[in-house]
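Encoded as structure tokens, here's the structure I'll be asking about.
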Amino acid sequence: MFNAARHGSYADRSRAQILTTSINPRVLITGACGEVGQSCTEAFAVRGADLILCDKAMPALIEMAETYSVPCHFCDVASEVSVATFAAEISRR
């Protein structure tokens, strides 16, 4: 039987794997301008991750992208067309 206390949660193991990997992981952060998105951006940037930021708040998104020197893309995840456009943009990257 699996013992979560002994083995840790899946999220804990995934986090540990990301933080100890020898290569810089590519991380896509949706809602990058929100509180959680900003915290994730900062945490992954400090660890050297290859970041891709997206949000629907373009002025704030551009400012974040300039701060972290990473690409940014408009994407309203509530819009199927916006998500398809965004997916096409990053697939060319």
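Applying the selection to region 28-49, what residues are part of a helix (DSSP H, G or I) and open to solvent by less than 30 Å² (accessible area, probe 1.4 Å)? Show your work before the answer.
Kept after step one, since they are part of a helix (DSSP H, G or I), are these residues of region 28-49: 35-46.
The answer is Gly37, Thr41.
Also, I was wondering about something else. Determine, yes or no, whether Gly31 is at positive phi, modelled with pLDDT of 90 or more and touching a strand residue (DSSP E or B) at 6+ places or on another chain (Cβ under 8 Å). Break it down stepwise before answering.
Details: at positive phi: yes; modelled with pLDDT of 90 or more: yes; touching a strand residue (DSSP E or B) at 6+ places or on another chain (Cβ under 8 Å): yes.
Yes; evaluated as a whole, the condition is true for this residue.
Can you pull out every residue in region 61-78 that is surrounded by 19 or more Cβ atoms within 10 Å (Cβ to Cβ) and in a loop (DSSP other than H, G, I, E, B)?
Selection gives Val70, Cys75.
Considering only residues that are part of a strand (DSSP E or B) and hydrophobic (A, V, I, L, M, F, W, C), look in region 50-60 and name the one that is surrounded by the fewest Cβ atoms within 10 Å (Cβ to Cβ).
This residue is Ile52.
Please work out which residue is least open to solvent (accessible area, probe 1.4 Å), limiting yourself to region 79-93 and to residues that are in a loop (DSSP other than H, G, I, E, B) and at pLDDT below 95. Don't jump to the end; show me each part of the working.
Taking region 79-93 and keeping what is in a loop (DSSP other than H, G, I, E, B), we get 79, 92-93.
With the extra rule that they be at pLDDT below 95, the set shrinks to 92-93.
Numbers: Arg92: 175, Arg93: 113 Å².
Across region 79-93, the extreme among qualifying residues is Arg93.
The values are calculated or read from the model by the stated rules, or taken from the named source; none is laboratory data. Just so we're clear, the structure is a prediction, and the values are computed from it rather than from any experiment. Glycine also receives a Cβ, built like all others from the backbone with ideal geometry; neighbour counts cover every protein chain displayed. When the accessible area is computed, the model is the full protein with side chains, heavy atoms only, and any ligands, DNA or RNA have been set aside. Shrake-Rupley method; radii C 1.70, N 1.55, O 1.52, S 1.80 Å.
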